[in-house]
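Rule-based calculations on the coordinates, nothing more; no lab input. Owing to the predicted nature of the structure, the values given are computational and were not obtained by experimental measurement. Don't worry about glycine lacking a Cβ; one is built from the backbone with ideal geometry, like all the others, and counts go over all protein chains shown.
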Amino acid sequence: MAKSAFEVIGEALERYWTNPLPLIVLFATLACIGTLMYVFLTNARNAKLRVSLLTGLYSLSIFFWLFVASSLVLCISLSGMVAYRGLAPGAAGVAVLVSFGMSAVISVAVWRKGADRVLRRIPTRTPAAGEQWLTDYVSLVGRFESLPPVDLRIREDAKPIAMAVSGKRHLVIVSTGLLASLERDEVESVVTHELMHIKNHDSQFKVFSSVISRFLFFDPFSKFLDPAVHREREYLADEMGGRTTGKPGSLASALLKLHEKAMDGPTALSGLSIVGREGGVFSRFPPVKERISRLILLSELLTRST
């Protein structure tokens with residue numbers, strides 16, 4: 001009696017997942033995830049380390065689910081082959097290569113095209129004569145922090161918006177509403193925060209994670225890890241920006257003003273700006289109250305060290 005297609009696929013899956021190689025890959029990945037999670041939980045205040053750990057966790061999660069998905073596709077496609085039993089270890093190796101290959105292809109595509117797609121949604125202009133001081137400031141901080149060339153662009157928008165966009169070129173975009181809402185030192189602190197995002201490759205990561213979350217819609221881990229990475233990256237940009245300017249208090253007051261403005265209504269660009277919807281494990285933005293508290297503490301530390 002001929003076996004049904006479901007029986008053939010079930011036998012292929014059984015042979016594949018009882019082979020040591022795919023199980024070793026799975027358990028090694030889960031062990032790495034567990035180790036990184038333990039180190040993350042035991043380092044509550046080291047923002048730079050936590051960003052690295054969460055990025056590693058996020059990458060491992062992507063690999064884990066790409067490997068599982070690739071394995072299932074290979075099992076189904078090879079299930080009808082008579083010599084499948086001998087191909088199981090090779091299929092596991094192919095699944096590993098496919099997982100790495102897909103991650104690399106997506107990363108390159110996002111790096112080359114992601115920023116341009118974001119910019120097409122955001123009409124901007126060059127700074128006017130009265131805004132040239134901010135262009136000079138961006139250039140000064142860029143040289144101090146050894147950043148690649150960064151262009152400043154202005155968006156005509158009454159809402160206060162500040163964001164960094166990176167790809168083939170690097171840009172900091174601020175809205176006319178932000179310039180009108182903040183004092184000069186507050187504007188400089190916000191722009192420095194955005195420049196730190198460029199230094200840490202955060203803007204590229206935002207676009208990448210947005211693409212990968214749609215592609216890996218079945219990955220439950222990333223639903224928690226993706227926003228957690230973004231929250232820690234905001235903390236790190238706050239801290240690095242405060243240290244660069246030496247005025248973390250200015251960034252704290254700017255965040256408070258921008259948060260109050262943002263409460264007036266959502267904007268389509270809030271997910272890319274310096275403040276956005278906060279609260280809960282699925283939010284990409286940490287609580288403004290906690291960000292301000294950390295910046296005030298940093299200000300006190302900098303004052304005592306001088």
Given the pairs Lys261/Lys289; Lys159/Lys223; Lys159/Lys206; Lys247/Lys289, which are separated by over 24 angstrom at their Cα positions? Lys159/Lys223
Within the range 164-249, list the chymotrypsin sites (Phe, Trp or Tyr not before Pro) lying in a DSSP loop whose Cβ has at most 13 other Cβ atoms in a 10 Å radius. Phe217, Phe218
Dipole magnitude of the range 128-305 about its Cα centre (Cβ charges: Lys, Arg +1; Asp, Glu -1), debye to nearest 20: 360
Low-density loop trypsin sites (Lys or Arg not before Pro), the range 1-74, at most 12 other Cβ within 10 Å, DSSP non-H/G/I/E/B, are Lys3, Arg45
The range 143-301: antiparallel DSSP beta bridges as a percent of all, rounded to 5: 40
Nearest-0.05 FRET efficiency for Arg169 and Phe6 at R0 = 45 Å, using Cβ-Cβ distance, is 0.30
Neighbour cut-off at most 13 other Cβ (10 Å), DSSP loop, GluC sites (Glu not before Pro), the range 175-205: Glu183
To make sure I understand the rule: partners must be aspartates and glutamates, Cα under 13 Å from the Cα of Lys168, and not fewer than 8 residues away in the same chain. Which ones qualify? Asp116, Asp151
Given R₀ = 41 Å, FRET efficiency for Arg143-Lys223 by Cβ-Cβ distance, to 0.05? 0.55
